[in-house]
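Student: Take this structure first; my questions come after.
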Amino acid sequence: MPVESGAADSPGIQGEGPSQAMRFFTPDLYARLQGPGPSAMDAADAEWERAETAYAQHIRSIRPGLPDSVCELLDETRLHDAEVLWMGRSLPFFGILLRLDVPPHATLLLNYFLLAPPRLDTSALPPEHRTAGMQWLYDEVDSAGSRTAGFQHTILFSNGWELQLQAGEVHRVTLDTVYTPAEVSVTA
């Protein structure tokens, strides 16, 4: 598998070939949604709707075994189309800094307490469906088998990466912007 410099070749991130970590909102299904022709897109749309229903059912079935922090993330945060500003780790932690797409476009830090090394597939999407920037497309949460095994969070990004994290907890921190290189915001 081709590995992005500074990503899967870094200590603590396992690079791998194409995986099937996403079970419902698969990279293949996403690519078919982008395809040419109305009949192909209609078929993919119908399959996407079935995937949404199946995933909602799946979450209901595993919810009692998920950490409270994961349930709060599922209930209170819309991550789709968030801009990925940064990802990094200091084991056993893995952090993702996002600028949310929904107003007020808050900056959000997700901090995972890892129970296993992260897994990264840098070629989950075909090249023609990858973007230069990185946005959060879709994600799936799954039980890792038991409370002590934690949960699995698999995320598909617009640049073609699929990240799989096995963690015991995830903490959300919403950050107020004080300064960015593009603008200055002063709060009282």
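The values are calculated or read from the model by the stated rules, or taken from the named source; none is laboratory data. Here the structure is a predicted model, which is why all the values come from computation and not from measurement. Counting neighbours? That spans all protein chains shown, and the Cβs are built from the backbone with ideal geometry, glycine included. To get the accessible areas, we keep the full protein, side chains included, count just its heavy atoms, and leave off ligands, DNA and RNA. Shrake-Rupley method; radii C 1.70, N 1.55, O 1.52, S 1.80 Å.
Student: Does at least one position in the stretch 128-135 carry a residue that is within 18 Å of L29 (Cβ to Cβ), open to solvent by less than 50 Å² (accessible area, probe 1.4 Å) and either in contact with a Gly (Cβ under 6 Å, 6 or more places away or on another chain) or in contact (Cβ under 8 Å) with a residue 12 or more places away in the chain (or both)?
Tutor: Yes; the residues of the stretch 128-135 include at least one that is within 18 Å of L29 (Cβ to Cβ), open to solvent by less than 50 Å² (accessible area, probe 1.4 Å) and either in contact with a Gly (Cβ under 6 Å, 6 or more places away or on another chain) or in contact (Cβ under 8 Å) with a residue 12 or more places away in the chain (or both).
Student: Output the residues belonging to the stretch 15-55 that are within 30 Å of E169 (Cα to Cα), open to solvent by less than 40 Å² (accessible area, probe 1.4 Å) and free of Cβ contacts under 8 Å to residues at least 40 places away in the same chain.
Tutor: T26, L29, W48, A51, A54 - these are the residues of the stretch 15-55 that are within 30 Å of E169 (Cα to Cα), open to solvent by less than 40 Å² (accessible area, probe 1.4 Å) and free of Cβ contacts under 8 Å to residues at least 40 places away in the same chain.
Student: Does the stretch 76-112 hold any residues that are among the polar types (S, T, N, Q) and more than 18 Å from V141 (Cβ to Cβ), and which are they?
Tutor: Once the filter is applied, which keeps residues that are among the polar types (S, T, N, Q) and more than 18 Å from V141 (Cβ to Cβ), the stretch 76-112 yields S90, T107.
Student: Could you check the stretch 150-184 and list, in sequence order, the residues that are among the aromatic types (F, W, Y) and more than 23 Å from R63 (Cβ to Cβ)? Give the derivation first.
Tutor: To start, the set of residues in the stretch 150-184 that are among the aromatic types (F, W, Y) comprises 151, 157, 161, 179.
Residues satisfying the conditions are F157, W161, Y179.
Student: Please note which strands (runs of 3 or more DSSP E) are completely contained in the stretch 76-188 and include at least 3 residues that are modelled with pLDDT of 95 or more and touching an Asp or Glu at 6+ places or on another chain (Cβ under 7 Å).
Tutor: By residue number, 151-157.
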